[in-house]
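Encoded as structure tokens, the structure appears first; notes follow it.
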Protein chains: 2
Amino acid sequence: MEHPLFIFNTLSRKLEQFVPLHSPFVGMYVCGPTVYGDPHLGHARPAVTFDVLFRYLQHLGYKVRYVRNITDVGHLENDADHGEDKIAKKARLEQLEPMEVVQYYTDRYHYFMDQMNVKRPSIEPRASGHIIEQQEWIQQIINNGFAYVSNGSVYFDIEKYTQHFHYGKLSGRKLDDLLATTRELEGQHEKRHPFDFALWKKAAPEHIMRWRSPWSDGFPGWHLECSVMSTKYLGEVFDIHGGGMDLLFPHHECEIAQSVAASGKESVRYWIHNNLVTINGQKMGKSLGNFITLDELFNGKNSLLSKAFHPMVVRFFILQAHYRGTLDFSNEALLAAEKGYYRLMEAYQILNKIKPSPNTSPLSMEEYQQKCFEALNDDLNTPKVLAIFFELVKIINGAYQEIESLSEQNIQFIKDLYHTFIFEILGLLPIESQQSTNLLEKVMQILLDERMIARHRKDFETSDRIRQKLNNIGIEIKDTKTHTEWKII
Amino acid sequence: MEHPLFIFNTLSRKLEQFVPLHSPFVGMYVCGPTVYGDPHLGHARPAVTFDVLFRYLQHLGYKVRYVRNITDVGHLENDADHGEDKIAKKARLEQLEPMEVVQYYTDRYHYFMDQMNVKRPSIEPRASGHIIEQQEWIQQIINNGFAYVSNGSVYFDIEKYTQHFHYGKLSGRKLDDLLATTRELEGQHEKRHPFDFALWKKAAPEHIMRWRSPWSDGFPGWHLECSVMSTKYLGEVFDIHGGGMDLLFPHHECEIAQSVAASGKESVRYWIHNNLVTINGQKMGKSLGNFITLDELFNGKNSLLSKAFHPMVVRFFILQAHYRGTLDFSNEALLAAEKGYYRLMEAYQILNKIKPSPNTSPLSMEEYQQKCFEALNDDLNTPKVLAIFFELVKIINGAYQEIESLSEQNIQFIKDLYHTFIFEILGLLPIESQQSTNLLEKVMQILLDERMIARHRKDFETSDRIRQKLNNIGIEIKDTKTHTEWKII
């Protein structure tokens, strides 16, 4: 491929050129949601981050198989090996069948991701849909000597594993440190070592989501599904595994251990992690109770918000930060993002209204394109791309006020840049649907022309009446030297 | 419950009062799509039919758990026990992993059903997500003596079953007649009797979708998933099982046999079937190659269509026929439905413009409400409901032209009727979103008022210019005695 994309690999802790195993095919797996609550900003960030990577890889010509799972069983409270299944608990509290909870929140997740223009993955497998495959893996790991059965549950044997392999290579954690911070928890007595983790859990009698197995009626451990489903659909070794940084340890560390213990191979070539969303400097998360749902963001109903924000504004807000930096939420930051978003999109509209300069412009447009590609190739630097576009916005606005000049060709080139980078790769779209906006714009133009005709015949009664009536319905007009502008207030 | 709903039960072949097993809870299972192609009218009809039943039951106060499956494995060509899996074949032809085909067409199905305002079911289980449960059923049926293993596959033993139970009770088919019409097909030699059907199929070496089992690496038979998933989520006996009439035999007949053979009980209390969509009198179906996809209907790109039809028009078209009659597709029928739909929705808009009559109206509004409920209670007679509304449309239009009179109270009552029956239960919605329509309407009103002012001062140049300019952008205006109407052409 011609475009050298460099991306930060958490495993090597450095920027690496991205070279797929079987170009032009790319396999990408991203950890999806545990569907027991409404999606919040902490879900939107990885979804948007890897959506942009998905879009960019496709733009570069790769054929990407993008797998993002739905965790619908096995994810216990506090991400631990004991306690209640998150979905079963929600079902119990709301007196629903667990799969009703799963369906409802999966639909909600899809709905809100659609609103944010996040593309659907190629395959969206569910943990509960791959019980047999998970059982086969467990048997394989037992056969290879890296897991043991204890009271109907199966645990991964970390001590045995570390005799041969490096547990902690992704996260950099050391076993001794882990030992020091491990608490004595319920169910721990079944384990040989406190840091062993469950591959299969025997279900308590009241547990609804359960399947028969050689070891007990039970359910798979949470870490297992991602190993099993990623390799089922992408192969034993594949290109990219993504997710939020909060999943780095223990979830992704355990995935590596599972793959190596089952097949002797590490599956993932590039581990990519987005950083967290913070609120007042603290991680935002459902388990921490300080999260803002996307529903609240989009309808404004949260005491931290002064107003509702459009999904495209939230997407813009996420893309304004580099994915490896923290994204600190505040109402002010969103207001600023909203202003930026509209400035960006208004400039695109203004492109159609600029009087092209007949002179050849001195601007080198190819340079802007080049800089955008360089930014994306430098570890997907989306804030840099936006900064480059705001340089263009200045030029566009200048040309509109006729203090800069743009040729017909320049204008077309900038439109193409918008289409490639803003709409296609960053996935930001103008807010109103083209059709209804168009008709309203056309009718407004007729009305404003009539007003201008009235002014020309000195009929200021009519022109003032039209202005006043528009104002009454929430449309403000402003006369400039050459034309009349209007906006919805 | 106060509202006696009568519904036609295919099993008893008569109208029966609907009395749920555990009121106010209702369990409803409907056969969903096999996701290997774009949804067409033949998919839209059951989806809309059972959506209306779902909505009506909810309106009556029932708490409905609605389960609709996704068939993503095991459905072989020609609905038979031999040949290629429909999804695997599509994947092979398009060089995709089968689950990519499943994901793509599941997303497409959801997208188009959303367009048609079909509510999502409470649970949408996938066949591939319930392999263990299906294997447990097979083992149970074998243990009970109603199935046998043959060359790694497992077949249901119809002859053994008919010694104890009635195979054909739902469809009215007789085994002798079946024998006479059964052809000698590939794989038939494994069966003891030609009408035995597969519960488990041993996978050919090239078959991708396969799971280990006590009998062979293979996949479940198509009929099994619905028995297993309906009872898993709704209980051993539940209220309603719906689907298209084309599924009555053998699919639903086999479901009954499977339930009885496994548990000794028939699961379903009310079998409800919608009739087929025909095109020139012939069934429309993917396997027949004469289908029109929803995508084509909505964008007009099919040689049988003169134009694109809005999803709400297609929904209206489906509801204009009773669900147990055939629905014959033609472009003319859709054009007529479009006219009817707009007439219905325009009348609702006009309600806001009527000058209320101060006199008490002689109309008994409660009577209309009563008649609508009677129509729905009479086997979900949606065309009757629409006919009642068209009586109201006449009155609304008459009141607008001031040849009939409606009191303020009448107008509010009619609005309430629209909300209950048209929007909530039939699920028909006005086409444009309220907000953008409103602004356009307001601006249009200002412009038309200006035109009227110009006419009053005999400035016909201005009034004609405005008319002409509106015409140029596709808006037609028409002067009546009292006001000016406009519409988008």
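The values are calculated or read from the model by the stated rules, or taken from the named source; none is laboratory data. As the structure is a computational prediction, the values presented were derived from the model and not from experiment. Neighbour counts run over all protein chains shown; Cβ positions are idealised from the backbone, glycine included.
Yes/no per residue for (1) outside the structural domain of B:Thr293 (by TED's automatic domain parsing); (2) at pLDDT 95 or above; (3) closer than 21 Å to B:Thr293 by Cβ:
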site	(1), (2), (3)
B:Leu93	yes, no, yes
B:Leu96	yes, no, yes
B:Thr106	yes, yes, yes
B:Tyr111	yes, yes, yes
B:Asn117	yes, yes, yes
B:Glu133	yes, yes, no
Query - Those strands (runs of 3 or more DSSP E) lying entirely in segment B:188-274 with at least 2 residues within 14 Å of chain A (Cβ to nearest Cβ), more than 26 Å from B:Pro98 (Cβ to Cβ) and of a type in the set (Phe, Trp, Tyr) - result: none
Requested in this report: Could you tell me whether A:Ile396 is free of Cβ contacts under 8 Å to residues at least 60 places away in the same chain and either within 14 Å of chain B (Cβ to nearest Cβ) or part of a helix (DSSP H, G or I) (or both)?
Outcome: yes
Report summary line: Screening A:Phe460, A:Phe423 for residues that are without any contact (Cβ under 8 Å) to a residue 24 or more places away in the chain and in contact with a Pro (Cβ under 9 Å, 6 or more places away or on another chain) leaves only A:Phe423
Query raised in the report: Does segment B:426-448 contain any residue that is closer than 27 Å to A:Leu440 by Cα and away from chain A (no Cβ under 14 Å)?
Result: yes
Report task. Can you tell me which residue within segment A:58-102, out of those that are of a type in the set (S, T, N, Q) and either out of contact with any Ser or Thr (no Cβ under 8 Å at 6 or more places or on another chain) or crowded, with 22+ Cβ neighbours inside 10 Å (or both), is nearest to the other protein chains (Cβ to nearest Cβ)? Result -> A:Gln95
Report task. Consider A:Phe50 carefully, then state whether it is crowded, with 23+ Cβ neighbours inside 10 Å, touching a strand residue (DSSP E or B) at 6+ places or on another chain (Cβ under 8 Å) and under 22 Å from A:Tyr233 (Cβ atoms). Result -> yes
Report summary line: From the option list B:Glu424, B:Glu404, B:Glu441, single residue qualifying as acidic (Asp, Glu), more than 23 Å from the chain's Cα centre (by Cα) and assigned to a helix (DSSP H, G or I) is B:Glu441
Report summary line: (1) within 20 Å of A:Met345 (Cα to Cα); (2) modelled with pLDDT of 85 or more; (3) not in a helix (DSSP H, G or I) all hold for A:Leu417 apart from (3)
Report summary line: Of the residues in segment A:386-404, those that are of a type outside the set (A, V, I, L, M, F, W, C) and crowded, with 16+ Cβ neighbours inside 10 Å come to A:Asn397, A:Tyr400, A:Glu404
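Restricting to segment B:306-349, what's the tally of residues that are part of a strand (DSSP E or B), within 14 Å of the chain's Cα centre (by Cα) and without any contact (Cβ under 8 Å) to a residue 60 or more places away in the chain?
To start, the set of residues in segment B:306-349 that are part of a strand (DSSP E or B) comprises B:327-329.
Retained after the next criterion (residues that are within 14 Å of the chain's Cα centre (by Cα)): B:327.
Okay, now just the ones that are also without any contact (Cβ under 8 Å) to a residue 60 or more places away in the chain, so none.
Count: 0.
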Requested in this report: Can you work out which of the residues in segment B:172-199 that are among the hydrophobic types (A, V, I, L, M, F, W, C) and closer than 27 Å to B:Arg210 by Cβ is modelled with the lowest pLDDT?
Outcome: B:Leu185
Requested in this report: Go through the residues of segment A:472-489 one by one and say whether even a single one is closer than 30 Å to A:Met113 by Cα, acidic (Asp, Glu) and more than 9 Å from every other protein chain (Cβ to nearest Cβ).
Outcome: no
Query raised in the report: Are any residues in segment B:420-431 buried (at least 16 other Cβ atoms within 10 Å of the Cβ) and either within 30 Å of A:Asp449 (Cα to Cα) or modelled with pLDDT under 90 (or both), and if so, which ones?
Result: B:Pro430
Query raised in the report: Counting just the residues of segment B:350-385 that are part of a helix (DSSP H, G or I) and hydroxyl-bearing (Ser, Thr, Tyr), which one comes out surrounded by the fewest Cβ atoms within 10 Å (Cβ to Cβ)?
Result: B:Tyr368
**Report entry** Test for B:Gly129: is it of a type outside the set (Phe, Trp, Tyr) and at positive phi
**Finding:** no
Query - Any chance A:Thr462 is surrounded by fewer than 17 Cβ atoms within 10 Å (Cβ to Cβ), at pLDDT below 95, closer than 30 Å to B:Ile488 by Cα and within 14 Å of another protein chain (Cβ to nearest Cβ) - result: no
